[in-house]
Amino acid sequence: MTDLDFERRMNPWLFDGSGNLTAQARTQFPDLASDPAPIAFAASGGVLSVQPAVLVQASQKALDLQGRVRTECDQPELNATAAVTALTGWDTSAALNTAWSVWSQQVQNLAGAVGQIGQNLQGNATNYTNGEQRNQRRFAGE
């Protein structure tokens, strides 16, 4: 189940004055508007509730973000390269070159981390779904 109380605290702009999701939020975040049947596990006094469809949706968004991070954050490369070349002989050229190198590495690391998160979310969704299906078959005596 979606924790709307958490969402109200963290993302108050998604809700109207009555505390209900706005129409735009329902469209943009359908997982908040719906209540798909979760997979629930009882564990040491608590219940873990998992919605594989939400994990898949988050995975797809993470993988999309991975591509956008690279595309958008690499845009200044031509300008940075031109500035480094134009400032050859000045200390600023070397500093700018170093800054761009660090930026590029950080973008690569961020894109890699976001991609790994997307893959992990997809893998977890698959594992939960497969495990639930196996358990259902076992209970059905198959």
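The values are calculated or read from the model by the stated rules, or taken from the named source; none is laboratory data. The model shown is predicted, which means the values in this text are computed figures rather than measured ones. Note that each Cβ is placed from the backbone with ideal geometry, even for glycine, and that neighbours are counted across all protein chains shown. Accessible surface is based on the protein model in full, side chains and every heavy atom, while ligands, DNA and RNA are left aside. Shrake-Rupley method; radii C 1.70, N 1.55, O 1.52, S 1.80 Å.
Structure data summary
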| quantity | calculated |
| --- | --- |
| Filtered residues of segment 8-28 (kept if in contact with a helix residue (DSSP H, G or I) (Cβ under 6 Å, 6 or more places away or on another chain) and in a helix (DSSP H, G or I)) | Leu14, Ala25, Arg26 |
| Qualifying positions in segment 93-142 - over 20 Å from Leu55 (Cβ atoms), assigned to a helix (DSSP H, G or I), of a type outside the set (A, V, I, L, M, F, W, C) and open to solvent by 80 Å² or more (accessible area, probe 1.4 Å) | Asn97, Thr98, Gln105, Gln106, Gln108, Arg137, Arg138 |
| Selection count where residues are open to solvent by less than 40 Å² (accessible area, probe 1.4 Å) and either among the aromatic types (Phe, Trp, Tyr) or not in a helix (DSSP H, G or I) (or both), scope segment 46-67 | 3 |
| Residues satisfying the stated conditions in segment 71-82, i.e. of a type outside the set (S, T, N, Q) and surrounded by fewer than 16 Cβ atoms within 10 Å (Cβ to Cβ) | Glu72, Asp74, Pro76, Glu77, Leu78, Ala82 |
| In segment 2-22, residue nearest to the chain's Cα centre (by Cα) [restricted to those that are at pLDDT below 75 and surrounded by 12 or more Cβ atoms within 10 Å (Cβ to Cβ)] | Thr2 |
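Every residue, every condition in (1) of a type outside the set (A, V, I, L, M, F, W, C); (2) at pLDDT below 85; (3) touching a Phe, Trp or Tyr at 6+ places or on another chain (Cβ under 9 Å); (4) farther than 22 Å from Leu4 by Cβ, yes or no:
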position	(1), (2), (3), (4)
Gln24	yes, no, no, no
Leu32	no, yes, no, no
Leu63	no, no, no, yes
Ala82	no, no, no, yes
Thr92	yes, no, no, yes
Gly118	yes, no, no, yes
